[in-house]
Amino acid sequence: MKDERELTVQFRPSGHRIKVIPGQTVLEAVLAQGYRMPHACDNGVCHICSATVLDGELEKDALVNVMRCGKAQVLLCRARPAGDCEFELNALWGPNELETKKLAMQVKSIESLSADIYRVILLAPAGQNPEFFAGQYLQLLIPGLDSAFFSIANAPGSREIELHIQVHSDQQSAVTILNYLRDNPVVKAMLPLGNSYLASVPDTDVILVAAGTGFSQMKSLAEYLLANEYSGQITLYWGVRQREEMYLRQWVETWANETSQLTFVPVSADNKDNEWPGHHAELVREVLAKGHQWANSLVFVSGSPTMVYTALDALGPSGLPEHQFFSDVLEYAPR
Ligand code: FES
C-alpha cells in the first residue's frame, strides 16, 4: 500500500517510476532506490543533472530555473516534488540496467567452428572488464556497416567477449565483418544491448530455446547460472536444419554429461532446404513434449521472428505467463 507521504515520480522515455519522500530531492530518491543518472556537484552548480518537467509541481524554494509545471528545465539535485511529477530524462538506468558504452577491444583470436561459423574472442583493455548481463548482445562498429549485432556467448566477469559469427560467402556484410576482424588488431564495440537477459540468479527453472547461432545467447545464460550458485534446472534446446550446423554439439553434450543441472536436447530436422521453416515447429514441439512446469519457469528464445512467435503462441496457452518469456525478437521485430 502506498505510504500517504510518498510521491511518485515518473521518467520519460524510460517509463521508470520512483517514490519520493516529501522534502527529498529527486536525485536523492533516484540514488537511494538503486538507479543511476549523471550527477557531479549535487548542489546546483554543474547542471549535469538537468531534466525537463513534463507534469507536476515542485517546491518553489528547491528550484533553480522554474517554479511550476510546464516544459521547463530543472536540476534534479535541487528539485523537490510537491506532488506526483513526470520528467523527461534520457540518461537514467534502473537497478538492473547497465549503461551502453563504446569500448575498443583487441581481436584476440578467430577460430573456425564449422564450415561457416567462426568463434571470435575479443579482449578488453586491462582493468576494463566489459559490463553486461548474461543474454545481452553488442554491436561491432565496422565502418560502413550498421548491422553488425552479435549475442555475447560467454558469461560476464572477465576481460573476454566471445562471439559466434556465421559467414556465408554470399552474405557480403558477414564477409566484410570477418575480413575487418582479420585485418584490424582492434575493433570498437557498443555494449551492452538488449533486454532479454538475467541480471540476477532466479529461483525458477530456466528453459533455453535456440535456433542456429542463437545458441550463443543461451551459452552465456547457462554459463552465468552454473557459475553463480543457481539451484534450479536448465534445459537447453538447440534446433538446426541439418545435423552439421550444430557447430558445438559435442562440446555441449560433454558439458551436459558433466553437469547434473543441465539437460541438452538437440533437435535436427536433416532437411537440406535452407528456406524450409519446418524445424521451427519441430523445435517447439520438442519443447512442449517435455512438459515443463511453465508457471515456475523462465523461457529464453533466440532465433528468427517466425520461430520466436511460433514458440510464444504455443507456450502461452500451455500455461507460461507472458512476462516469463524473453526474446530480443519481441523488441526488434514486434508484430
Ligand atoms: S549535480 Fe550538479 S547541478 Fe545537479
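The values are calculated or read from the model by the stated rules, or taken from the named source; none is laboratory data. Keep in mind it's a predicted model, so treat the numbers as computed, not measured. No Cβ is skipped: glycine too gets one built from the backbone with ideal geometry, and neighbour counts run over all protein chains shown.
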ask   = Within the range 1-60, which residues are among the basic types (Lys, Arg) and under 28 Å from the mean Cα position of the chain (by Cα)?
value = Arg12, Arg17, Lys19, Arg36
message = Given the criterion away from the ligand (no atom under 16 Å from the Cβ), closer than 30 Å to Gly127 by Cα and either modelled with pLDDT of 90 or more or among the basic types (Lys, Arg) (or both), identify the matching residue among Lys101, Lys2.
response = Lys101
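Each row is one residue, and each column tells you yes or no for (1) among the basic types (Lys, Arg); (2) free of Cβ contacts under 8 Å to residues at least 60 places away in the same chain; (3) over 30 Å from Thr213 (Cβ atoms).
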position: Gly34; (1), (2), (3): no, no, yes
position: Leu54; (1), (2), (3): no, yes, yes
position: Leu76; (1), (2), (3): no, yes, yes
position: Pro81; (1), (2), (3): no, no, yes
position: Ala91; (1), (2), (3): no, yes, yes
position: Ala134; (1), (2), (3): no, no, no
remark   = Expected single match for part of a strand (DSSP E or B) and crowded, with 20+ Cβ neighbours inside 10 Å among Val206, Val187 is Val206
ask   = Can you name the number of the only condition in (1) modelled with pLDDT of 90 or more; (2) of a type in the set (Ser, Thr, Tyr); (3) more than 10 Å from the ligand (Cβ to nearest atom) that Thr25 fails?
value = (3)
ask   = Inside the range 147-183, can you point out the residues that are surrounded by fewer than 13 Cβ atoms within 10 Å (Cβ to Cβ) and at pLDDT 95 or above?
value = Asn179, Arg182, Asp183
ask   = Which of the residues that make up the range 211-237 are in a strand (DSSP E or B) and at pLDDT 95 or above?
value = Ile234, Thr235, Leu236, Tyr237
query = Any residue in the range 279-296 that is touching an Asp or Glu at 6+ places or on another chain (Cβ under 8 Å), modelled with pLDDT of 90 or more, closer than 23 Å to Asp328 by Cα and among the small types (Gly, Ala, Ser)?
reply = no
ask   = Which of the residues that make up the range 226-240 are crowded, with 23+ Cβ neighbours inside 10 Å and in contact with a Leu (Cβ under 8 Å, 6 or more places away or on another chain)?
value = Leu236, Tyr237, Gly239
ask   = Which numbered condition trips up Ser200, out of (1) surrounded by fewer than 21 Cβ atoms within 10 Å (Cβ to Cβ); (2) more than 17 Å from the chain's Cα centre (by Cα)?
value = (2)
request  = Output the qualifying pairs, or none if there are none: Cβ atoms under 8 angstrom, residues six or more apart or on different chains, first residue in the range 154-171 and closer than 28 Å to Glu131 by Cβ and in contact (Cβ under 8 Å) with a residue 60 or more places away in the chain, second residue part of a loop (DSSP other than H, G, I, E, B) and of a type outside the set (Gly, Ala, Ser).
outcome  = Pro156/Asn129; Pro156/Pro130; Pro156/Glu131; Pro156/Phe132; Pro156/Phe133; Gly157/Asn129; His164/Leu113; His164/Tyr247
ask   = Just a yes or no: is a residue in the range 93-101 surrounded by 14 or more Cβ atoms within 10 Å (Cβ to Cβ), of a type in the set (Ser, Thr, Tyr) and outside any loop (DSSP other than H, G, I, E, B)?
value = no
message = For the range 291-307: of the residues being of a type in the set (A, V, I, L, M, F, W, C) and closer than 24 Å to Asp203 by Cα, which is surrounded by the most Cβ atoms within 10 Å (Cβ to Cβ)?
response = Val301
